[in-house]
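Data first, discussion second: the structure below is written as C-alpha cells.
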Amino acid sequence: MRALRKARADTSSGAALRVSRREMLAGGIGAGALIALPDLSLAGRAAGRSARSASPAGSRHVLLYGTPQAEPFPGGSVAAARSPASRARSSPAATSLPAARPVATQLASAPVASADQASVALVTVDAAGSAAKVTLTVVDAATAVVSKQGSLTITGIADGTSILPTPVFAPGTAIIAVVLAITEPVGHRLARKVDLATGRAVPMQAATWRSRHALAYFDQASETFAGPFHLGNAPALALTTAAANSSDLFVWTTREPQPARTRPQPPPLPWVSVFPLGSGRARASVPSPAPWPASEPVVTLGTGHAARLVNGRAVQVSSAKTGEVTHTVIEPLNVTRAKPSAVTMQARPDGTVFLTKPGIGRAVVADPSREFRVTAQVDYPVPSSPGGAPASKAVLSPAGDTLYVLGGAKTGGISAYDMATGKLAGSYSHGRQYFGLYQLASGTLLTLSPGNPRLEFFSPGLSLLGTAATNLHVSAVF
C-alpha cells in the first residue's frame with residue numbers, strides 16, 4: 001500500500017503564523033486537513049439504501065476535511081481509521097468511535113469527490129526555486145487508502161510563485177483534469193509600512209502579483225500526466241470554476257480588472273471556455289454573465305452541458321459544443337434575504353437536480369429537460385447557521401422521498417420531511433445546534449457541531465447511533 005507523505009511545516013521562529021498567498025487565495029484551505037473515520041452502518045438494511053451499495057456494510061470510511069485545531073494534523077492532511085464490525089444500534093446511547101490516523105498532509109487545495117462519490121482527489125504542491133512539483137493523489141472513499149498517484153513539474157516560474165490547483169473528475173472516464181492557477185510576483189520594489197507595535201515606518205519588500213492558468217490531465221489507468229498546457233491569459237483572477245463531462249472540460253475565468261486612465265470602466269465579465277479533454281486549446285470561449293467564479297455550485301447534466309448556480313437563484317447552462325449560455329431563474333429560490341446562505345446544487349441519477357437555500361428555508365427538485373421546472377418543494381424553518389462551511393445544510397435521500405435538514409434556530413437538532421407532501425415526517429433534538437448535515441453511503445446521517453463531540457451519527461429514522469470527537473473544524477465531508 002502506498003501512502004502519501006509530506007514533511008511537516010516549519011513552525012519555528014513564528015513561521016506557522018505567516019499566511020501564504022496561496023492560502024489567502026484558497027480561503028485558508030491550504031491549512032486544512034482530511035481525515036477518515038468509520039462510517040457507522042445500519043447492517044444490511046441501511047447499506048441497501050445506499051447509492052454506493054457495492055461496498056460491504058461497515059467497510060466504508062468517513063472522510064472529513066477542515067482546519068486543524070491542533071496536533072496531530074499539521075497543515076493540510078488526510079487520515080484514516082479502519083471501520084469496526086457492522087452492528088445496528090437502536091439505543092439512543094452514544095458510542096464513541098476509534099481515533100483516525102493520518103494519510104496525507106499539506107494539501108494545496110480542498111479535496112474533490114468523483115460524481116459517484118467512490119473516489120476523492122487531493123493535490124499537493126512542492127516549490128523549489130524556479131520549479132514546482134504538483135502531485136495528484138486519488139483516495140478510495142470506501143477504504144480510505146491511496147489508489148492512484150502521479151506528478152508533473154512546472155518549470156520557469158518565479159521564486160515565491162504560488163499554485164492553486166482545482167481537480168475535476170471527468171465522469172465515465174479515467175481522466176482527472178487539473179486547473180492550475182499560477183500566481184507569480186512581478187515588479188519587486190521597496191515599500192514602507194507602519195509597524196503597529198512601534199508606530200514607526202519600516203522598509204519592506206513588496207511585489208505586484210499576477211495570475212494565469214494552465215491545464216493538466218491525469219490518466220488514472222497509466223498514472224501519468226499530460227501537460228501542463230499554459231493558457232497565457234495573464235493578468236487574470238486566480239479563482240476559477242470548473243466542471244467536466246466524458247469528453248469536455250468547462251473552465252470559468254475572469255480577466256483581472258485594470259486601473260482606468262480616464263473614466264471608470266465596467267467590471268470584466270467572466271468567460272467560460274470548453275476544452276476537449278486532454279487539450280489546452282479551447283473549442284469555444286464565450287462571455288458568461290456575472291458573478292465572477294468563486295467555487296459556486298456547478299454540475300454536468302445528462303446532455304453533457306454544464307449548469308452553474310449563480311446568485312443562489314438562477315441556473316446558467318453552458319453548451320458543450322459552443323459554450324453558449326442560457327439563463328433560467330428558479331422562481332422558488334428567487335428570494336433575497338440579508339442573512340448569508342450556503343446554497344447547493346446536486347445532480348441526481350434520474351436527471352433532475354436538487355437545490356437548497358437554507359437562508360430562506362427552502363429545498364427544491366428541478367427538471368433541466370423542462371427548463372428547470374420545479375417538480376418538488378419543501379419549506380422548513382431557517383437553521384441557526386444557514387451560511388458558512390460546511391455548505392451542506394440539507395440532503396435528499398437516495399430514493400428522493402425524504403429531505404433531511406438542520407433543525408430551526410429555536411429547536412436545533414435535525415428534521416425529516418416527506419418530499420411528496422412537504423410535511424414534517426420526524427425530528428430529533430436535545431437542544432444542540434448543528435451547522436452541517438450529510439448522509440453517508442450506508443444511509444447513516446452525520447451532523448457537525450462547533451464543539452466536541454463534533455460528530456453525531458443518526459439512523460434514517462433519526463435515532464442517535466454514536467458520536468466522535470475530532471480536532472478539525474470540519475468544512476466538508478466525503
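Quick notes on this structure:
- Shape class of the range 227-266 from the Cα gyration tensor (axes a ≥ b ≥ c, square roots of the eigenvalues): prolate, since a/c reaches 1.5 or more and a/b is larger than b/c.
- Loop-located trypsin sites (Lys or Arg not before Pro) in the range 302-399 whose Cβ has at most 16 other Cβ within 10 Å (DSSP): LYS321, ARG337
- Too-long pairs where the Cα-Cα distance tops 27 Å, listed order kept, from LYS339/LYS410; LYS339/LYS423; LYS133/LYS193; LYS148/LYS357; LYS357/LYS410: LYS133/LYS193; LYS148/LYS357
- Shape category assigned to the range 238-390 from the gyration tensor of Cα positions, a/c cut at 1.5: oblate
- Reduced Cα scattering model of the range 121-207, Debye log10 I(q)/I(0), q = 0.18, 0.19, 0.21 Å⁻¹: -0.85, -0.90, -1.01
- For the range 206-286, the convex hull spanned by the alpha carbon atoms encloses 121 Å³ per residue.
- Charge dipole of the range 112-228 about the Cα centre (unit charges at C-beta), most positive-ward option of ALA141, GLN205, ALA226: GLN205
- Cα radius of gyration and Dmax for the range 371-461 (Å): 12.8, 44
Bear in mind that the values in this text are calculations on the coordinates, not laboratory data. If you're wondering where the values come from, they're calculated on a predicted model, not measured in any experiment. Counting neighbours? That spans all protein chains shown, and the Cβs are built from the backbone with ideal geometry, glycine included.
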